[in-house]
1. List the residues of region B:76-106 that lose 30 Å² or more of accessible area once all protein chains are present, compared with their chain alone (1.4 Å probe, heavy atoms only, no ligands or nucleic acids).
2. Student exercise: in chain A, how many lysine pairs 8 or more apart or on different chains have Cα atoms under 19 Å apart?
3. What Cys residues in chain A have no fellow cysteine's beta-carbon under 4.7 angstrom?
4. What trypsin sites (Lys or Arg not before Pro) in region A:430-463 are in a loop by DSSP, with at most 13 other Cβ atoms within 10 Å of the Cβ?
5. List every residue whose amide H lies under 5 Å from the amide H of B:I224, counting only residues 5 or more places away in sequence or on a different chain, with H placed 1.01 Å from N in the peptide plane.
6. Just the number: Rg to Rh for region A:20-61, Cα atoms, Kirkwood Rh, two decimals.
7. Ranked from the most accessible area to the least, with a 1.4 Å probe and all protein chains present, what is the order of B:H70, B:H211?
8. Which of B:M206, B:M188, B:M226 ends up with the largest GNM mean-square fluctuation for chain B, with Cα atoms connected below 10 Å?
Amino acid sequence: MANASYVRDQMLPPQAPPVSEAGVVKWLRENLFSGWFNTILTLVGVVVIYWLVVSALPWWLNSVWNAESLSQCREIVAATAGEGATGACWAMIRERWHQFIFGFYPPELWWRPVMAFGLLFAAMAPVLFAGQKKNLTLILGAVGLFLLVTLGLAGAPMGGWIASLVLVGGLIALVQVMPGRLLWFTAIYPALCFWLLWGGSVWTPIVAMLGFVVMGGAYLALVGRLGPTASALIGVFLAVFWWLFLDIPITTALASMIGGGLDQVDSDQFGGFLLAITIGVTAITFSLPIGILLALGRQSDMLIVKTLCVGFIEFIRGVPLITLLFTASLLLQYFLPPGTNFDIILRVIILVTLFAAAYLAEVIRGGLAALPRGQYEAADALGLDYWRAQRLIILPQALKISIPAIVSTFIGLFKDTTLVAFVGLMDPLKGVTQIVRADIDWKGIYWEPYIFVGAIFFVICFGMSRYSMYLERKLKTDHR
Amino acid sequence: MSEHAIDRSKMKVSDEVAIQISAMNKWYGTFHVLRDINMTVQRGERIVICGPSGSGKSTLIRCINRLEEHQQGQIVVDGTELTNDLKNIDKVRSEVGMVFQHFNLFPHLTILENCTLAPIWVRKVPKKEAEETAMHFLRKVKIPEQANKYPGQLSGGQQQRVAIARSLCMRPRIMLFDEPTSALDPEMIKEVLDTMIELAEEGMTMLCVTHEMGFAQAVANRVIFMDQGQIVEQNEPKEFFNNPKSERTKLFLSQILGH
């Protein structure tokens with residue numbers, strides 16, 4: 001018989017682990033050589049990597065940066081590395097990089113997209129790093145430095161150079177005092193960017209932005225009497241009316257009174273990453289709010305709202321993006337009143353936005369569905385109305401859950417911008433590469449343009465991916 | 001139960017009617033969950049509702065702040081009838097606090113933000129004032145030091161006390177408790193019950209769905225027993241526990257007090 005009574009009279013302190021539980025040896029044994037099968041896999045892996053490096057390395061090492069044409073490249077490779085050796089011909093990038101970046105945008109005006117690109121980060125910063133004074137200052141400082149150098153290289157007129165540096169300096173000062181107010185710059189940035197890219201009268205972006213003022217004004221004037229939903233609808237209706245019928249006459253009238261503006265650049269001169277980033281960033285910006293509204297609409301108790309949202313989402317998701325792009329380039333012309341010249345890039349942006357919004361709606365709906373019923377009930381029980389409950393309780397949590405999937409959609413959207421090649425726009429991958437390869441000097445070049453374009457896409461998409469991981473870490477408060 | 005003697009002196013019941021439910025019926029689809037409920041709650045009353053699971057007790061108190069919709073009859077809370085009118089619903093909800101079985105704190109907000117959110121957005125209280133009120137009630141439930149943590153960092157008992165403080169920050173006139181201790185470990189039940197007893201001592205009108213019969217005996221001035229969607233028996237706690245009239249009540253009490 002064992003004695004059932006036992007009392008510990010001394011508690012044991014923790015002790016250091018044995019050697020086999022720590023250090024490099026443990027890591028190697030656990031990760032690479034645990035068992036004979038894993039050891040074989042490790043060895044096979046090493047062989048494959050070695051083979052890849054050995055076959056690709058000479059091509060990279062024999063790269064040629066200075067040449068007039070592909071045949072010259074090959075001569076140089078043959079002369080330096082011997083007959084039959086392969087080598088990359090980056091000389092093509094050196095000569096044609098600007099087409100990959102700007103398309104046929106007039107060289108003397110390159111400073112405008114460059115400036116828009118730099119300021120894009122200043123506009124995104126307060127959204128991406130809300131309230132973090134140090135990060136905001138760092139980003140704005142980098143933007144200032146970037147503009148100082150690149151605007152100089154792009155030969156910007158003195159006025160534009162100084163204006164952008166003063167602007168960035170002012171924003172840095174603003175961040176030190178009131179970081180939240182930086183969002184005002186974010187709000188006006190779309191108009192500024194549009195004006196920088198396409199040029200034209202200075203009144204065009206101002207009058208277009210006034211449409212939003214009309215929308216907000218109508219909402220604020222009516223919300224007391226009609227409630228948020230009805231006044232928001234009326235506001236949107238008035239704004240659309242403004243853009244469709246009042247915008248152009250007012251702009252023309254103002255421009256005839258007070259001139260001033262930038263040289264106009266037509267949409268068919270856009271190309272390369274300028275085009276991809278313009279479409280991508282605009283579509284990302286606008287698809288998120290539309291996607292949120294669609295997701296909420298799909299969960300609504302109101303039958304008509306719900307049916308419309310479901311119908312829209314399922315229709316858009318059921319149709320290939322290319323079909324929508326063809327619609328943008330051909331069919332929309334038939335539906336619009338005759339004589340309206342609706343810019344092709346704008347049309348493409350609208351359809352890419354709607355396409356992404358439908359996907360986002362489903363992603364966000366997943367996030368909404370993942371929230372326990374109790375969150376809605378607690379918000380209701382505290383007396384929060386529908387919109388406040390959504391904004392303060394439901395969406396912050398649902399969006400947080402959906403961050404990885406939302407960013408995936410954004411990355412997909414950004415890469416899908418290359419599909420605009422099918423409606424005759426000059427995307428960096430197919431459009432520009434085709435033009436370069438059609439040149440007699442560079443005929444037959446194959447890997448280099450795709451690697452170059454792929455690398456830039458990778459940098460941008462990887463950036464988005466890292467940001468999403470940072471955001472997930474930052475917002476992690478559930479301590480599960 | 002609580003170590004200190006419970007002070008029943010302030011637990012006065014006034015003649016004023018806080019909640020009036022008459023001939024109320026509710027269905028889930030074809031299932032008749034609440035059948036002909038008639039009930040009057042006076043201001044300052046502490047009512048414990050008990051009964052077997054599925055008897056409709058949670059549904060009943062969830063009808064009082066319209067988390068559930070009733071199909072027939074009338075519910076009047078503080079003089080406001082609950083109908084489809086959203087304004088009335090929001091008005092009732094801001095007067096009636098609710099504590100849930102699973103706490104339902106907002107995990108993305110700190111404890112302090114959980115407590116100030118509704119006062120700031122519904123009552124339009126300035127942020128500073130709302131924070132002072134929140135700290136007052138957090139001190140009352142004895143966790144002011146946790147104010148800047150997130151709900152996930154707190155124990156179950158602490159979370160439930162925060163949930164009570166969050167409700168109190170809206171200065172409700174009626175508090176509903178939906179099995180507030182059922183999801184807690186035994187050692188944490190007491191701290192939540194103590195908080196509720198303190199609240200009762202201050203004269204709060206309380207409706208509490210619970211199986212804590214000790215709490216019912218100590219605090220309640222009426223115990224309601226429900227079965228199959230109906231009020232089967234109600235009485236003062238002493239009478240209810242010592243001398244139950246209905247067979248169903250006797251069976252239920254023997255099952256939960258039997259061991």
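The values are calculated or read from the model by the stated rules, or taken from the named source; none is laboratory data. Only a predicted model underlies this, so the values are computations on that prediction, with no experimental measurement involved. All Cβ positions, even for glycine, are placed from backbone atoms using ideal geometry, and neighbour counts span all protein chains on display. Surface areas here come from the heavy atoms of the whole protein model, side chains and all, with no ligands, DNA or RNA. Shrake-Rupley method; radii C 1.70, N 1.55, O 1.52, S 1.80 Å.
1. Hits at the 30 Å² cut-off: B:D90, B:R93, B:F100, B:N104, B:F106.
2. Details: A:K133/A:K474; A:K134/A:K474; A:K400/A:K474; A:K400/A:K476; A:K415/A:K430; A:K430/A:K443.
Lysine pairs meeting the criterion: 6.
3. Lone cysteines by the Cβ rule: A:C193, A:C309, A:C461.
4. Within region A:430-463, the qualifying trypsin sites (Lys or Arg not before Pro) (loop, at most 13 other Cβ atoms within 10 Å) are A:K443.
5. B:V48, B:I49, B:C50
6. My calculation of the ratio gives 1.21.
7. Numbers: B:H70 20, B:H211 85 Å².
Result, largest first: B:H211, B:H70.
8. B:M188
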